[in-house]
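Here the structure comes first, spelled out in structure tokens, and everything after it is commentary.
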Amino acid sequence: MSPKPNLLLRYMTVADLPQVAEIDQLSFDIPWSEKSYRYEINESNQSFMVVLEWSRERVATRWQRWLNIHPYVEHRIIGYGGMWFIAGEAHVSTIAVHPKGRGFGWGEVLLAGMVRRGLVLGADEVALEVRVSNRRAQKLYEKYEFKRVDVKSRYYRNNNEDAYDMRLDIQDSSTCLRFEERYEALFKRHQLIDDFSPYAPPHARLKP
Ligand SMILES: CC(C)(COP(=O)(O)OP(=O)(O)OC[C@H]1O[C@@H](n2cnc3c(N)ncnc32)[C@H](O)[C@@H]1OP(=O)(O)O)[C@@H](O)C(=O)NCCC(=O)NCCS
């Protein structure tokens, strides 16, 4: 039997882009360009791009060993997200899970990772826009206590749909406490390694 898969939340790299682009195209009417991803990953100091990666060591069977095939590690991106941190506001710019992986709690893991990154950065609030028709995503945000604060009229270019402006106040200490408890339980339940929320992006670490 193959060993249990490992789940890792980590910064997105350029090498992830083919898998990220596939999920983006399956998830959104207006996918991001490759240029935008490269900018967010390598250049922007305000951007925090994240992926949730599944990996499993494939152990070679007896006949594979006989054929000199060695064990190898299989990697797969389940979902991704993006956040900007500007003037005390953590803004979720994107979040998506591969259609085949939805409903298993991975969207929640990505959102919790980004909110926690916002907390570590000292944000006052986490904000995002969501289509008024996107009930599934709104339910996820509501579960994390985001509140609808406004409607942005004709926000989406492809069909002029309105957006809800949803916000989570992370200055409020009881909200923060409830979030931290939820985050701890979630990451423990999925036995996830979080290499994202506690750390600065790799390109920022290289700067003097
Ligand atoms: C929104 C999205 C990221 C959620 O990811 P997911 O992995 O399917 O969601 P999870 O399994 O983590 O579910 C977390 C919560 O979201 C809500 N939710 C998820 N699927 C739902 C559904 N089909 N109907 C209603 N609520 C749903 C629930 O509150 C759920 O919590 P619960 O299981 O305790 O009830 C995913 O559906 C997606 O990629 N959608 C396409 C892209 C998109 O719309 N992104 C949001 C842009 S604003």
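Which ones in region 73-85 are surrounded by 11 or more Cβ atoms within 10 Å (Cβ to Cβ) and over 17 Å from residue 17 (Cα atoms)?
Listed by number, the residues that qualify are 84, 85.
Give the residue, chosen from 20, 97, that is within 15 Å of the ligand (Cβ to nearest atom), within 27 Å of residue 180 (Cβ to Cβ) and touching a residue at least 24 places away in the same chain (Cβ under 8 Å). Write out each step before concluding.
Values: 20 fails: within 27 Å of residue 180 (Cβ to Cβ).
Checking each option against the conditions leaves just 97.
Quick check on region 84-97. Is at least one of its residues within 20 Å of residue 14 (Cβ to Cβ) and not in a strand (DSSP E or B)?
No, region 84-97 has no match at all.
Any residue in region 190-205 that is within 16 Å of the ligand (Cβ to nearest atom), touching a residue at least 24 places away in the same chain (Cβ under 8 Å), part of a helix (DSSP H, G or I) and under 24 Å from residue 102 (Cβ atoms)?
No - not one qualifying residue is present in region 190-205.
Being closer than 16 Å to residue 197 by Cβ and of a type outside the set (A, V, I, L, M) is the filter; apply it to region 108-140 and report the residue that is farthest from the ligand (Cβ to nearest atom).
122
With the condition kept exactly as written, say whether any residue in region 153-170 is in a helix (DSSP H, G or I) and under 29 Å from residue 43 (Cα atoms).
Within region 153-170, not a single residue is in a helix (DSSP H, G or I) and under 29 Å from residue 43 (Cα atoms).
Determine whether region 167-176 contains at least one residue that is over 20 Å from the mean Cα position of the chain (by Cα), within 14 Å of the ligand (Cβ to nearest atom) and surrounded by fewer than 15 Cβ atoms within 10 Å (Cβ to Cβ). Steps first, please.
To start, the set of residues in region 167-176 that are over 20 Å from the mean Cα position of the chain (by Cα) comprises 171-175.
Pick out the ones that are also within 14 Å of the ligand (Cβ to nearest atom) and you get none.
Checked against the condition, which is being over 20 Å from the mean Cα position of the chain (by Cα), within 14 Å of the ligand (Cβ to nearest atom) and surrounded by fewer than 15 Cβ atoms within 10 Å (Cβ to Cβ), region 167-176 yields no hits at all.
Do we find a residue being within 16 Å of the ligand (Cβ to nearest atom), surrounded by 14 or more Cβ atoms within 10 Å (Cβ to Cβ) and in a helix (DSSP H, G or I) anywhere in region 53-60?
Of region 53-60, the ones within 16 Å of the ligand (Cβ to nearest atom) are 53-54.
In the following step, the residues that additionally are surrounded by 14 or more Cβ atoms within 10 Å (Cβ to Cβ) were identified as 53-54.
Checking the rest, the ones that are also in a helix (DSSP H, G or I) come to none.
No; the residues of region 53-60 include none that is within 16 Å of the ligand (Cβ to nearest atom), surrounded by 14 or more Cβ atoms within 10 Å (Cβ to Cβ) and in a helix (DSSP H, G or I).
Kindly provide the set of residues from region 132-146 that are surrounded by 15 or more Cβ atoms within 10 Å (Cβ to Cβ) and not in a loop (DSSP other than H, G, I, E, B), ordered by number.
137, 138, 140, 141
Taking region 33-73 on its own, how many of its residues are free of Cβ contacts under 8 Å to residues at least 24 places away in the same chain and either in contact with a Ser or Thr (Cβ under 6 Å, 6 or more places away or on another chain) or more than 26 Å from residue 94 (Cα to Cα) (or both)?
Qualifying residue count for the region: 14.
Only the coordinates and a few stated rules stand behind these numbers; no lab work does. Predicted model, so just to flag it, every value in this text is computed and none were measured. Don't worry about glycine lacking a Cβ; one is built from the backbone with ideal geometry, like all the others, and counts go over all protein chains shown.
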